[in-house]
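Below: the structure, in structure tokens.
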Amino acid sequence: MAILNALPSEVGSVVGVIDPDELTATAFLSDAVDMAKYDRIMAVVMMGTLGNSATVDAALQEATTSGGSYADIDGKVITQLTQAGSDQSDKQVIINLRSDEMTVGKRFVKLWVDVNTATSDGAGIVIGFQPLHAPASDNDLASVDEIVS
């Protein structure tokens, strides 16, 4: 049920990030998201200028513990972005996840972004929705510096 007079920051919180930067040709992981606190999350991968011949893969991954071994969640893997293909630079990809889409016994989620071949500009953010306890902003990452109402 929607809370009509709630601010967006009261129903959604920043729970994971891959900080915006020049991402070298390697894999990056967001903070671990505890899905016991949220019914849904939305991950946004934002790629700027892709390096020459670069490709970018991304997925939501799950584990039983926050520091555990993470594996891709079925159906939560993007179609590869490529500098050589039609995707090229300056694209965004959104991955949605409901808690009931996770493997039984898995509780934690991370956004995984893998930049291949060449350094590329990019970032990722994971936003938690439908928190168990409101306001959602109570669970924002410590790196969230300010909320302006």
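Taken together, the values in this text are just the output of simple stated rules run on the coordinates, not laboratory data. Worth saying up front: this structure is predicted, and the values here are computed from it rather than measured. Reconstructed Cβ throughout: ideal geometry from the backbone, glycine too, with neighbour counts over all protein chains shown.
I'm trying to understand the selection: among the residues of region 98-123, which are assigned to a strand (DSSP E or B) and within 17 Å of the chain's Cα centre (by Cα)? Show your work before the answer.
Filtering region 98-123 down to residues assigned to a strand (DSSP E or B) leaves 98, 108-116, 120-123.
Across region 98-123, the qualifying residues are 98, 108, 109, 110, 111, 112, 113, 114, 115, 121, 122, 123.
Which ones in region 124-149 are surrounded by 14 or more Cβ atoms within 10 Å (Cβ to Cβ) and not in a loop (DSSP other than H, G, I, E, B)?
Those that are surrounded by 14 or more Cβ atoms within 10 Å (Cβ to Cβ) and not in a loop (DSSP other than H, G, I, E, B): 124, 125, 126, 127, 128, 129, 130, 131, 136, 137, 139.
Looking only at region 38-79, which residues are out of contact with any strand residue (DSSP E or B) (no Cβ under 6 Å at 6 or more places or on another chain) and within 14 Å of residue 97 (Cα to Cα)?
74, 75
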